[in-house]
1. Can you give the calculated 222 nm mean residue ellipticity of the chain, where each DSSP H run of n ≥ 4 adds -39,500 (n - 2.57) and the sum is split over every residue, rounded to the nearest 500 deg cm²/dmol?
2. If you average the C-alpha positions of the range 116-167 and of the range 39-68 separately, how far apart do those two centres end up, in angstrom?
3. Need one number: nm distance between label points at S74 and F126, each 7 Å from Cα along Cα→Cβ, rounded to one decimal.
4. Give, in nm to one decimal, the length gained when the segment between T26 and I67 is fully stretched (0.36 nm per residue of separation minus the Cα-Cα distance).
5. Heavy-atom accessible area per residue, the range 13-105, 1.4 Å probe: how many Å²?
6. Show me the ranking of peptides 156-165, 31-40 by mean Cβ neighbours inside 10 Å, starting with the highest.
7. Of all chymotrypsin sites (Phe, Trp or Tyr not before Pro) in the range 101-159, which ones are in loop regions per DSSP and have a Cβ with at most 16 other Cβ atoms within 10 Å?
8. Within straight cross-link reach of K93, meaning Cα distance under 17 Å, which aspartates and glutamates are found once same-chain residues fewer than 8 apart are removed?
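The values are calculated or read from the model by the stated rules, or taken from the named source; none is laboratory data. The structure presented is a predicted model; accordingly, all values stated were derived computationally and were not measured. Here the Cβ positions follow ideal geometry from the backbone for every residue, glycine too, while neighbour counts run over all protein chains shown. These area figures cover heavy atoms from the full protein model, side chains too; ligands, DNA and RNA do not enter into them. Shrake-Rupley method; radii C 1.70, N 1.55, O 1.52, S 1.80 Å.
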Amino acid sequence: AFAGWMLVISGTLDMLDGRLARETGTSTKAGAFFDSCSDRYSDTFVFIGIGIYFLSKNFSAAEGHFIVSLIDYSTLIVVLFLMLGTASMSYVKARGEAIGVTTKSGLMQRTERVMMLSLYSVLDPFIRVILERYRLNQDYCLILLLIIMAILINISAIMRMADIFKLIRNSER
């Protein structure tokens with residue numbers, strides 16, 4: 001829940017700072033550049049944290065080794081695909097803008113990702129109690145959310161790539 005509230009606060013501030021800068025006429029190219037770069041690091045740190053959670057949640061200090069279940073290992077792969085989609089989504093946008101073509105197509109832009117993870121993280125303690133009551137793996141909802149996000153972000157990146165490719169091809173004709 002704490003991580004969720006931190007995501008809510010940082011995501012809200014991140015969305016407000018750019019808007020505030022534009023509204024007050026204080027936005028700069030350097031500020032936009034720094035904001036975009038720090039967003040990539042922020043996203044990656046969140047996903048690294050989730051990946052480390054799944055790798056280390058069954059660490060046995062007494063035995064000094066990790067026990068990684070198949071579901072935890074599979075979830076780590078999902079997190080890696082989520083990181084790939086996130087990096088691809090922003091790279092495709094940046095590369096298109098460098099060529100002079102821009103699009104905001106896609107379902108899982110940064111705002112949606114931050115909102116989904118924030119909402120889930122805040123509700124996580126309650127979800128865990130419900131899943132525990134029914135003797136289900138307490139990570140099932142998180143895993144499902146990560147799978148949905150990984151699929152949607154990669155589809156979105158591919159859609160954005162196709163849109164930009166078409167726009168470039170049309171401009172070349």
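1. Working: 5 runs with 137 residues, N = 173.
So the calculated ellipticity at 222 nm is -28500 deg cm²/dmol.
2. When both Cα centres are located, 17 Å separates them.
3. 2.8
4. Details: separation 41, 0.36 × 41 = 14.76 nm, distance 5.14 nm.
That works out to 9.6 nm of additional length.
5. Numbers: 6190 Å² over 93 residues.
Averaged over the residues of the range 13-105, the accessible area is 67 Å².
6. Values: 156-165: 18.1, 31-40: 12.9.
By packing density, highest mean first, the sequence is 156-165, 31-40.
7. Values: sites: Y120, F126, Y134, Y140; in loops: Y134.
Taking the range 101-159 and a limit of 16 other Cβ atoms within 10 Å, the loop chymotrypsin sites (Phe, Trp or Tyr not before Pro) found are Y134.
8. By straight Cα distance, K93 reaches D35, D39, D43, E112, D163.
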